[in-house]
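The values are calculated or read from the model by the stated rules, or taken from the named source; none is laboratory data. No experiment lies behind these values; they were computed from the predicted model shown. A quick note on method: Cβ atoms are made from the backbone with ideal geometry, for glycine too, and the neighbour counts reach across all protein chains shown. All accessible areas refer to the heavy atoms of the entire protein, side chains included, with ligands and DNA or RNA removed. Shrake-Rupley method; radii C 1.70, N 1.55, O 1.52, S 1.80 Å.
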Amino acid sequence: MVQTVSTHVGNRAANRTALVLGATGGVGGAIAARLMREGWQVRALCRNADAARSGWRHDCPAPQFVTGDAMDGASVVRAATLGDGVAAIVHAVNPPGYRNWSSLVLPMIDNTLAAARAAGGARIVLPGTVYNYDPVQTPVIDENTPQNARTTKGRIRVALERKLAEASPEVSSLILRAGDFFGPGTRASWFAQAMVQPGRPVRKFTSMASGVPHAYAYLPDLAAAFAGLMAIPERLRAYETVQFAGHWDPTGTQMRDAVRRAVAQDVPERAFPWWMMRLAAPFGGFPKETLEIEPAWKHPMRLDNQRLVDLLGVEPHTPLDQAIAAALTDMGCLARSQSHARLRHA
């Protein structure tokens, strides 16, 4: 049995083809681009392959886009088994707008599990969230922290990860958990959707919870960590969970201050209108879904990256001012000439 597993891992290591689900999104796109820069062959499943190719914004060739839907099991299996199959399936898909989690999230991971089996045991790679934990009781998260979700979204994410755990070692998996994303290409993030308004100069900074420590993940760094871990499958456990520390804001004000330095203005700080979300929540939709994550902003949760450092030696890390300047430039909030000037003086 040990020899069979060892041979299987060796065969998987020789295969450098990955299927990315969600490559048109921020996280999936960043991972796909990083893998391609490091020599992987990347296939990406999307609803409209032509639109995805024309909309590819990364500084590398577009992956091989194939038409299909993550909700259609046959599409996922077909994409995973084309040619010689794939060594890994990056599962970076979520229901849009935080809606329909109860009906979509678990069927999608079931489709990915079926595709991984059809591909001969491809490793499933999952961007993890902190929703799995009760923020009030979980100041630090590592691979041994009990998952004690209190929200619907959190319980669904716990169930999703349980499916991966139960599928191992037949299907191996890697979960890399991180805080809130920001950075180039990250449109569906709190930084780009609430904290700073895209497409115009920064006139204000909206704080989700001023003075409360919070964990952020700069997307290019996170993608580099994914690629680094995927390059060493022989060192990973069959069910591997790793935490990405990212940028830890110990005062709850460092992101605001970095934005102010980037734009060279003392832009005013405004509080996110949680009160408005509470008023509108009874009508459902975005306000109701948003309220579920309020505790994750009001209570600090730091990610312990010791396992990641043990595996990679060091966590990829871009200095905060440089990361914020790059994010604001990509969002159209900072002219490239301004960005370059800020970096020269950083």
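Could you check how many residues of the range 165-176 are surrounded by fewer than 18 Cβ atoms within 10 Å (Cβ to Cβ) and touching a strand residue (DSSP E or B) at 6+ places or on another chain (Cβ under 7 Å)? Before you say what the answer is, go through the steps one by one.
Let us first name the residues in the range 165-176 that are surrounded by fewer than 18 Cβ atoms within 10 Å (Cβ to Cβ), namely 165-166, 168-170.
Narrowing further to those that are touching a strand residue (DSSP E or B) at 6+ places or on another chain (Cβ under 7 Å): 165, 168.
Number satisfying all stated conditions: 2.
Restricting attention to the range 293-304, the residues being under 18 Å from the mean Cα position of the chain (by Cα) and either β-branched (V, I, T) or open to solvent by 40 Å² or more (accessible area, probe 1.4 Å) (or both) number 3.
Across the range 315-336, the qualifying residues are those that are charged (D, E, K, R) and modelled with pLDDT of 95 or more, and the one among them that is farthest from F191 (Cα to Cα) is E315. Looking across R162, R155, one residue alone is under 17 Å from P295 (Cβ atoms) and either touching a Gly at 6+ places or on another chain (Cβ under 6 Å) or not β-branched (V, I, T) (or both). It is R155. Do we find a residue being under 30 Å from K163 (Cα atoms) and not hydroxyl-bearing (S, T, Y) anywhere in the range 271-285? Yes: one or more hits.
Kindly list the number of the only condition in (1) over 13 Å from G28 (Cβ atoms); (2) outside any helix (DSSP H, G or I); (3) among the hydrophobic types (A, V, I, L, M, F, W, C) that fails for A79. That leaves (2) as the condition not met.
Can you pull out every residue in the range 23-42 that is part of a helix (DSSP H, G or I) and more than 18 Å from the chain's Cα centre (by Cα)? If you could, list the steps in order and put the result at the bottom.
We begin by selecting, within the range 23-42, every residue part of a helix (DSSP H, G or I); these are 26-37.
R37, the sole residue that qualifies.
Output yes when any residue across the range 86-101 is at pLDDT 95 or above, part of a helix (DSSP H, G or I) and surrounded by fewer than 19 Cβ atoms within 10 Å (Cβ to Cβ), and no when none is.
First, pick out the residues of the range 86-101 that are at pLDDT 95 or above: 86-92.
Within this subset, residues satisfying the condition of being part of a helix (DSSP H, G or I) are none.
Within the range 86-101 (the criterion being at pLDDT 95 or above, part of a helix (DSSP H, G or I) and surrounded by fewer than 19 Cβ atoms within 10 Å (Cβ to Cβ)), the answer is no, since none of the residues qualifies.
For the range 290-311, which residues satisfy the criterion of being within 16 Å of E143 (Cα to Cα) and touching a residue at least 12 places away in the same chain (Cβ under 8 Å)? Can you show your working first?
Here is the first cut: in the range 290-311, the residues within 16 Å of E143 (Cα to Cα) are 301-311.
The answer is M301, R302, L303, D304, N305, Q306, R307, L308, L311.
Of the candidates G73, G179, the single residue that is among the small types (G, A, S), touching a residue at least 24 places away in the same chain (Cβ under 8 Å) and either closer than 29 Å to T318 by Cα or open to solvent by 50 Å² or more (accessible area, probe 1.4 Å) (or both) is G179. For the range 305-314, give me each residue that is of a type outside the set (S, T, N, Q), buried (at least 17 other Cβ atoms within 10 Å of the Cβ) and either at pLDDT below 95 or not in a helix (DSSP H, G or I) (or both). Passing the criteria: none in range. For the structure I just gave you, tell me whether A192 is closer than 21 Å to H58 by Cα, free of Cβ contacts under 8 Å to residues at least 40 places away in the same chain and not in a loop (DSSP other than H, G, I, E, B). It is false that A192 is closer than 21 Å to H58 by Cα, free of Cβ contacts under 8 Å to residues at least 40 places away in the same chain and not in a loop (DSSP other than H, G, I, E, B).
Would you check if G28 is crowded, with 19+ Cβ neighbours inside 10 Å and closer than 22 Å to Q193 by Cβ? The answer is yes for G28.
Of all residues assigned to the range 42-59, at least one qualifies as being at pLDDT 95 or above, out of contact with any Ser or Thr (no Cβ under 7 Å at 6 or more places or on another chain) and either closer than 19 Å to L176 by Cα or of a type in the set (V, I, T) (or both).
With the structure loaded, tell me whether P198 is within 18 Å of the chain's Cα centre (by Cα) and surrounded by fewer than 21 Cβ atoms within 10 Å (Cβ to Cβ) or whether it fails that test. First the steps, then the outcome.
Working: within 18 Å of the chain's Cα centre (by Cα): no; surrounded by fewer than 21 Cβ atoms within 10 Å (Cβ to Cβ): yes.
Considered against the rule, which asks whether it is within 18 Å of the chain's Cα centre (by Cα) and surrounded by fewer than 21 Cβ atoms within 10 Å (Cβ to Cβ), P198 comes out as no.
Being out of contact with any helix residue (DSSP H, G or I) (no Cβ under 6 Å at 6 or more places or on another chain), of a type in the set (A, V, I, L, M) and either assigned to a strand (DSSP E or B) or open to solvent by 20 Å² or more (accessible area, probe 1.4 Å) (or both) is the requirement here; does A215 meet it?
Numbers: out of contact with any helix residue (DSSP H, G or I) (no Cβ under 6 Å at 6 or more places or on another chain): yes; of a type in the set (A, V, I, L, M): yes; either assigned to a strand (DSSP E or B) or open to solvent by 20 Å² or more (accessible area, probe 1.4 Å) (or both): yes.
Answer is yes for this residue.
Restricting R162, R155 to residues that are closer than 22 Å to G121 by Cα, open to solvent by 40 Å² or more (accessible area, probe 1.4 Å) and without any contact (Cβ under 8 Å) to a residue 12 or more places away in the chain narrows the list to R162. Can you name the residue in the range 128-152 that is surrounded by fewer than 17 Cβ atoms within 10 Å (Cβ to Cβ) and in contact (Cβ under 8 Å) with a residue 40 or more places away in the chain and is also nearest to L236 (Cα to Cα) among such residues? My answer is E143.
The residue that is farthest from L236 (Cα to Cα), counting only those in the range 174-189 that are assigned to a loop (DSSP other than H, G, I, E, B) and over 11 Å from the mean Cα position of the chain (by Cα), is R187.
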